[in-house]
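Remarks on the structure that follows.
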Amino acid sequence: MAEKLVAVKGMNDIAPPQSAHWEWLEDTLRALMARYGYRNLRTPIVEPTALFVRGLGEVTDIVEKEMYSFEDKLNGEHLTLRPENTAGVVRAALESNMLYEGPKRLYYMGPMFRHERPQRGRYRQFHQFGAEALGFAGPDVDAELIVLASDLWAQLGLTGIELEINSLGQPAERLAHRQALIAYLEAHADQLDEDARRRLHSNPLRILDTKNPAMQALVNAAPRLMDHLGAESLAHFERLKALLDAHGIAYRVNPRLVRGMDYYNLSVFEFVTTQLGSQGTVCAGGRYDGLFEQIGGKPTPAVGWALGMERILELLKEQGRLPDAPVPDAYAVVPDAADLPRVMPLLRALRAAGARVQMHAGGPDGMGSMKSQFKKADASGARWALIFGADELAQGHVALKPLRGERDAAPSQAAMPLSDAQAIAARVRAH
Ligand code: ATP
Ligand code: MG
């Protein structure tokens, strides 16, 4: 036998019954986005590598070590499997001059790729759902996006998701803070770990995000960006907080929240849970007013977030909030294969009338025993068996046998005329 091929490490198949949970989450998200006036944008999974290098920043974790990049064998182009989709959305908006008529509210969903160490809640192909509001400068849209995410948790029945917010100010304010921070860290160089020493001059802000317990005291006493923010940045932050207060949305200001990408400014936020171990951030985002310019456009304010769909589904499972797997309304039991030409078109008519009908499929030697057919009917989870026996068919009827709770409501087998597909469909669909 040939060697068995397996999926790439950290990249998973999503099969039934779990795929039904995915579809349910996607449907819930689509409906919610429609209520907030966000519309779907679908961009390619492969983008020019330069988009991420310029968009995310050269010294970010993603660009430094997580990207799946390759050279197109045919023309030598440098390409990358998208590690995130904000840069792609902005590229698409620029390319088609999408904001010509005014600002746009957009959403996307799909696979992202990062070369990380696979573990619970961290994969190499994972799925994000993202919302992006392009061309809006005010804190009202920052608040709208946070409220939207809060609505999602409520709608999914999720609890225990906490909101952390911070303001990163504007580039000049960050620069002043950066200089103060470097001076402070240099003065305490003996307490820095290897990672921090490496980042001291390239990305000192990221040092504040360290998970090393030995550096917590140092980091806690570091100069705070908030103390370097000017009046306008502070006002933006205050207005955001006031709007969240008006919605009764609880938040914690976390001055150490810096986010991984260079493109953020002003508001940044994360929704976190303690229920998923160390991969506790389920949704994260912020304002990125500089990104359009960074990839060759006119200055354009924008804000957005992305949520990790695997983490949301894991949390739903943890909290017992996943819906039951969908089951057919009816399972068609067909004793004699010779009757299939008569039965199959009828099943088709039942489906056209809205019933979910699963047909018993036979083998090369016929349909199998009634016993084995009923075993399959039971296993399918269907509420009804539709029995197309010789006697019933001779009278122009089908027998309906309740398989589950319906046994109490309708204990006996009933026959219905084959000619009335609408009535049969209505009967099996009614709970
Ligand atoms: P983390 O700190 O967990 O690495 P991040 O800051 O790199 O997250 P973002 O780039 O902001 O994450 O992506 C938004 C969300 O996407 C995260 O909050 C998380 O829920 C999800 N996510 C990010 N990376 C992965 C991954 N490798 N596997 C699964 N989900 C992920
Ligand atoms: Mg990461």
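The values are calculated or read from the model by the stated rules, or taken from the named source; none is laboratory data. As the structure is a prediction and not an experimental result, all values here were calculated from the model. No Cβ is skipped: glycine too gets one built from the backbone with ideal geometry, and neighbour counts run over all protein chains shown. To get the accessible areas, we keep the full protein, side chains included, count just its heavy atoms, and leave off ligands, DNA and RNA. Shrake-Rupley method; radii C 1.70, N 1.55, O 1.52, S 1.80 Å.
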Task: Near pairs, Cβ below 8 angstrom, 6+ apart or cross-chain, from segment 71-92 (among the polar types (S, T, N, Q)) to any residue that is part of a helix (DSSP H, G or I) and surrounded by 12 or more Cβ atoms within 10 Å (Cβ to Cβ) - done: THR80/THR49; THR80/LEU51; THR80/PHE52; THR86/GLY55; THR86/LEU291
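Please specify each residue of segment 81-95 satisfying the condition of being under 19 Å from TYR288 (Cβ atoms) and either of a type in the set (S, T, N, Q) or open to solvent by 30 Å² or more (accessible area, probe 1.4 Å) (or both). Write out each step before concluding.
Quick first cut of segment 81-95, residues under 19 Å from TYR288 (Cβ atoms) only: 82-95.
Correct list: ASN85, THR86, ARG91, LEU94, GLU95.
Assess whether SER233 counts as being open to solvent by less than 20 Å² (accessible area, probe 1.4 Å) and either out of contact with any Phe, Trp or Tyr (no Cβ under 9 Å at 6 or more places or on another chain) or among the acidic types (Asp, Glu) (or both).
Judged against the criteria, SER233 is a match.
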Task: strands (runs of 3 or more DSSP E) wholly inside segment 237-351 containing at least 3 residues that are open to solvent by less than 50 Å² (accessible area, probe 1.4 Å) and over 26 Å from ASN166 (Cβ atoms) - done: 330-333
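Can you find a residue that is within 15 Å of ligand 1 (Cβ to nearest atom), surrounded by 12 or more Cβ atoms within 10 Å (Cβ to Cβ), modelled with pLDDT of 95 or more and closer than 17 Å to ARG91 by Cβ anywhere in segment 36-47? Working first, answer last.
So the first thing to find is which residues in segment 36-47 are within 15 Å of ligand 1 (Cβ to nearest atom), and the list is none.
No, every residue in segment 36-47 fails to be within 15 Å of ligand 1 (Cβ to nearest atom), surrounded by 12 or more Cβ atoms within 10 Å (Cβ to Cβ), modelled with pLDDT of 95 or more and closer than 17 Å to ARG91 by Cβ.
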Open item on the list: Return the pair list, or none, for Cβ contacts closer than 9 Å from residues in segment 100-112 that are on the phi > 0 side of the Ramachandran plot to residues that are hydrophobic (A, V, I, L, M, F, W, C) and in a strand (DSSP E or B), at least 6 apart or on different chains.
Closed with: GLY110/PHE129
Open item on the list: Within segment 183-199, take every residue that is more than 34 Å from the chain's Cα centre (by Cα) and buried (at least 16 other Cβ atoms within 10 Å of the Cβ) and give me the one that is farthest from LEU266 (Cα to Cα).
Closed with: LEU192
Open item on the list: Suppose we filter VAL253, VAL258 for residues that are in the same structural domain as TYR123 (by TED's automatic domain parsing) and within 16 Å of ligand 1 (Cβ to nearest atom); which single one remains?
Closed with: VAL258
Task: PHE136, sole failed condition from (1) within 15 Å of ligand 2 (Cβ to nearest atom); (2) open to solvent by 30 Å² or more (accessible area, probe 1.4 Å); (3) not small (Gly, Ala, Ser) - done: (1)
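Can you say whether TYR100 is surrounded by 11 or more Cβ atoms within 10 Å (Cβ to Cβ) and aromatic (Phe, Trp, Tyr), as far as the supplied structure shows?
Values: surrounded by 11 or more Cβ atoms within 10 Å (Cβ to Cβ): no; aromatic (Phe, Trp, Tyr): yes.
Spelling it out, it is not the case that TYR100 is surrounded by 11 or more Cβ atoms within 10 Å (Cβ to Cβ) and aromatic (Phe, Trp, Tyr).
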Task: Every pair of residues 6+ apart whose Cβ atoms lie under 6 Å, when the first sits in segment 50-70 and is under 21 Å from GLY285 (Cβ atoms) and away from ligand 1 (no atom under 12 Å from the Cβ) while the second is modelled with pLDDT of 95 or more and charged (D, E, K, R) - done: LEU51/ARG91
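Which one of these is surrounded by 15 or more Cβ atoms within 10 Å (Cβ to Cβ) and outside the structural domain of ILE249 (by TED's automatic domain parsing): LEU163, LEU205? Reasoning before the result, please.
Numbers: LEU163 fails: outside the structural domain of ILE249 (by TED's automatic domain parsing).
One residue alone meets the criteria, LEU205.
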